[in-house]
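The values are calculated or read from the model by the stated rules, or taken from the named source; none is laboratory data. Since this is a predicted model, take the numbers as computed values, not measurements. For neighbour counting, all protein chains shown are included, and Cβ atoms are generated from backbone atoms with ideal geometry for every residue, glycine included. Areas reflect the complete protein model, heavy atoms only, side chains present, ligands, DNA and RNA absent. Shrake-Rupley method; radii C 1.70, N 1.55, O 1.52, S 1.80 Å.
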Amino acid sequence: MTSRRWTQRTDATTELKVYSNADEVTATLNGTSLGTLSSSDRIFRRANVTLKRGQNTVAVTATIDGSTYTDSVDWTLA
């Protein structure tokens, strides 16, 4: 996930951008599905992700050759 070090957010609406070797990734925000994303160039984007005040956990899961990989980050909206 890009922007993972930018944890203190000031705008409620953001873009989720992920680089992966997988054909598709599944994203969640605070446990709620953002859907499955697919991309021909291995750059996965989800626009208009709305964060709530306080801590937000964004997670992405992908399966490659039968193995499941998960990455997550916490973003805090002031």
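Looking across the stretch 12-32, the residues that are free of Cβ contacts under 8 Å to residues at least 60 places away in the same chain, within 16 Å of W75 (Cα to Cα) and either open to solvent by 30 Å² or more (accessible area, probe 1.4 Å) or among the small types (G, A, S) (or both) come down to T13, E15, K17, A27, T28, N30, G31, T32. Within the stretch 42-74, the residues that satisfy the criterion of being hydroxyl-bearing (S, T, Y) and over 23 Å from T10 (Cβ atoms) are T61, T63, S67, T68, Y69, T70.
If you go through the stretch 59-78, how many residues are open to solvent by 60 Å² or more (accessible area, probe 1.4 Å) and farther than 17 Å from T36 by Cβ? Result for the stretch 59-78: 4. A residue that is among the aliphatic types (A, V, I, L, M) and surrounded by fewer than 11 Cβ atoms within 10 Å (Cβ to Cβ) can be found somewhere in the stretch 33-49.
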